[in-house]
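Input: a single structure, listed below in structure tokens.
The values are calculated or read from the model by the stated rules, or taken from the named source; none is laboratory data. Note that the structure is predicted; figures quoted are calculated from it, not measured. Cβ coordinates were reconstructed from backbone atoms using ideal geometry, including for glycine residues, and neighbour counts include every protein chain displayed.
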Amino acid sequence: MRAAVIRGSGVKEVELLDDASTVGPDPAEVKVRIKATGVCHSDLSILNGTLPNNYPAVIGHEAAGEVVQVGEHVTEVAPGDHVVISWTPACGLCADCVAGRPFLCVKYIIEGYMKPRFRLGDDTPAFGMAGCGTWAEEMVVPWEACIKVADDIPYEYAALLGCGISTGVGAVFNTAGVRPGTNVAVVGCGGVGLSVIQGAKIAGAANILAIDPLESKHEIAKAFGATHTATPDQVEDVKNLLTAGQGFDYGFEVVGKGATIRAAWQLTRRGGDVIVVGAGAADDNVQFNAFELLFDGKNLRASLYGSSDLRRDVPRFVDLWRAGKLDLESLITRRIRFEDLNDAIGTLERGEAVRQIVLFD
């Protein structure tokens, strides 16, 4: 089968192979034929080494597909089912899962780093990105990674629910709990940032400021619900205009950089919530002084995977889509083929796309 592979970090392109294969499924695993997979900024972070992985690795983590084979212990899904892939499957048994924090479950994250579920043509074992590897025609994952969806949902829409929507809209609903009538600032207008903006609009925010250095993204942000836009050097003026200089109730950082985390902090009012959504590097530090951490009274909150429980949240997102409140189509900049992946990587690096979706059929 075809699969996009890298042999180490610090690369600009993937190898497009046609001789890879899957390993398994084991008794509690599922083989999925990938129908649609997204090109996400986190994929770039694996290529450039910002995020860690074992190698060789099949890239990709945002996808939907059809179940083609299940292990003998699997009863929750069956061949023919349409599923969204969760890149952080919840085991349901650990302390975090039992406490209602399935997005912090590490059982299958650790397993994904240790267990290669692919083989290359020369019989070399290969790992999947985040235990997935969705830039392949088929993949094997724990059954917990498969979230069943209705057959009438287009695969490219379902793929977005596996990462971009769950991370962005989830950050608004689950992590921040944005209240109607409040003021929201969003730093970064990529695919996840636009999902944050959509979520804030659905939640009833009064003012939504979208901040991005690329002015070409400002009109796109407004189409998704931003009431105002700004480049970083315009932010203070707009903050003063919208909040009388007090700052925003919620500041979402959706870039994954120390500087933009600090910018979101500066935008947020005393007692407000600063939500870190972007995935950054381990050596990119953010500085706060002891005085402001206490006396500003701000809440600095991590939003890993949008604090989502995909078994609960995917049906909610589907309902919002069916109601016409969640725009999935407009997030898709273009639909591409497997052989276009390296072009798609360059397009994303240049900031010329929101979401590019690979269609395998």
Next item on the list: Filter segment 254-273 down to residues that are of a type outside the set (D, E, K, R) and within 28 Å of N53 (Cα to Cα), then give me how many there are.
Entry: 7
Next item on the list: Being in contact with a Ser or Thr (Cβ under 7 Å, 6 or more places away or on another chain) and closer than 22 Å to D361 by Cβ is the filter here, so list the residues in segment 118-155 that pass it.
Entry: F118, T134, W135, E138, M139, V140, A145, I147
Margin query: Can you tell me how many residues within segment 7-38 are touching a Leu at 6+ places or on another chain (Cβ under 6 Å) and not in a loop (DSSP other than H, G, I, E, B)?
Written below: 1
Margin query: Residues to consider are D81, D123, D151; find the one that is acidic (D, E), without any contact (Cβ under 8 Å) to a residue 40 or more places away in the chain and in the same structural domain as A36 (by TED's automatic domain parsing).
Written below: D123
Check: Residues of segment 137-159 being farther than 24 Å from V318 by Cα and either in a loop (DSSP other than H, G, I, E, B) or small (G, A, S) (or both), which ones?
Finding: E137
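Within the group G177, G181, which residue is under 19 Å from the mean Cα position of the chain (by Cα), assigned by TED's automatic domain parsing to the domain that holds L194 and closer than 29 Å to G272 by Cα? Break it down into steps so the answer makes sense when it comes.
On the way: G181 fails: under 19 Å from the mean Cα position of the chain (by Cα).
None of the other options fit; the residue is G177.
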Notebook entry, point to check: When you scan segment 195-289 for helices (runs of 4 or more DSSP H) that lie fully inside it, which ones turn up with 3 or more residues that are touching a residue at least 60 places away in the same chain (Cβ under 8 Å) and surrounded by 15 or more Cβ atoms within 10 Å (Cβ to Cβ)?
Noted result: 258-267
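So in segment 65-91, with the set limited to residues that are touching a strand residue (DSSP E or B) at 6+ places or on another chain (Cβ under 8 Å) and of a type in the set (D, E), which one is surrounded by the fewest Cβ atoms within 10 Å (Cβ to Cβ)?
Restricting attention to segment 65-91, the residues satisfying the condition of being touching a strand residue (DSSP E or B) at 6+ places or on another chain (Cβ under 8 Å) are 65-71, 74, 76-86, 89.
Retained after the next criterion (residues that are of a type in the set (D, E)): 66, 76, 81.
Values: E66: 18, E76: 13, D81: 18.
By that ranking, first place goes to E76.
Quick one: in segment 35-92, which of the residues that are of a type in the set (G, A, S) and touching a Ser or Thr at 6+ places or on another chain (Cβ under 6 Å) is farthest from A344 (Cα to Cα)? Reasoning before the result, please.
Of segment 35-92, the ones of a type in the set (G, A, S) are 36, 38, 42, 45, 49, 57, 60, 63-65, 71, 78, 80, 86, 90, 92.
So of that shortlist, the ones also touching a Ser or Thr at 6+ places or on another chain (Cβ under 6 Å) come out as 49, 60, 63.
Numbers: G49: 18, G60: 13, A63: 16 Å.
Of everything passing the filter in segment 35-92, G49 is farthest from A344 (Cα to Cα).
Here are some residues: D309, D313, D296, D283. Which one is over 20 Å from I220 (Cβ atoms), modelled with pLDDT under 95 and not assigned by TED's automatic domain parsing to the domain that holds R101?
Selected residue: D283, the only one of D309, D313, D296, D283 that is over 20 Å from I220 (Cβ atoms), modelled with pLDDT under 95 and not assigned by TED's automatic domain parsing to the domain that holds R101.
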Check: Which one is surrounded by the most Cβ atoms within 10 Å (Cβ to Cβ), of the residues in segment 96-136 that are charged (D, E, K, R) and part of a loop (DSSP other than H, G, I, E, B)?
Finding: R117
Note to self: of a type outside the set (G, A, S), closer than 24 Å to L104 by Cβ and in the same structural domain as D151 (by TED's automatic domain parsing): is that true of D26 in this structure?
What the structure shows: no
Next item on the list: Would you mention how many residues in segment 53-79 are over 26 Å from V192 (Cβ atoms) and not acidic (D, E)?
Entry: 12
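May I ask you to verify whether E29 is modelled with pLDDT of 95 or more, under 27 Å from V14 (Cα atoms) and either of a type in the set (S, T, Y) or crowded, with 19+ Cβ neighbours inside 10 Å (or both)?
On the way: modelled with pLDDT of 95 or more: yes; under 27 Å from V14 (Cα atoms): yes; either of a type in the set (S, T, Y) or crowded, with 19+ Cβ neighbours inside 10 Å (or both): yes.
Spelling it out, E29 is indeed modelled with pLDDT of 95 or more, under 27 Å from V14 (Cα atoms) and either of a type in the set (S, T, Y) or crowded, with 19+ Cβ neighbours inside 10 Å (or both).
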Checklist line | Those residues of segment 15-36 which are within 21 Å of G164 (Cβ to Cβ) and touching a helix residue (DSSP H, G or I) at 6+ places or on another chain (Cβ under 6 Å), in sequence order | finding: K35, A36
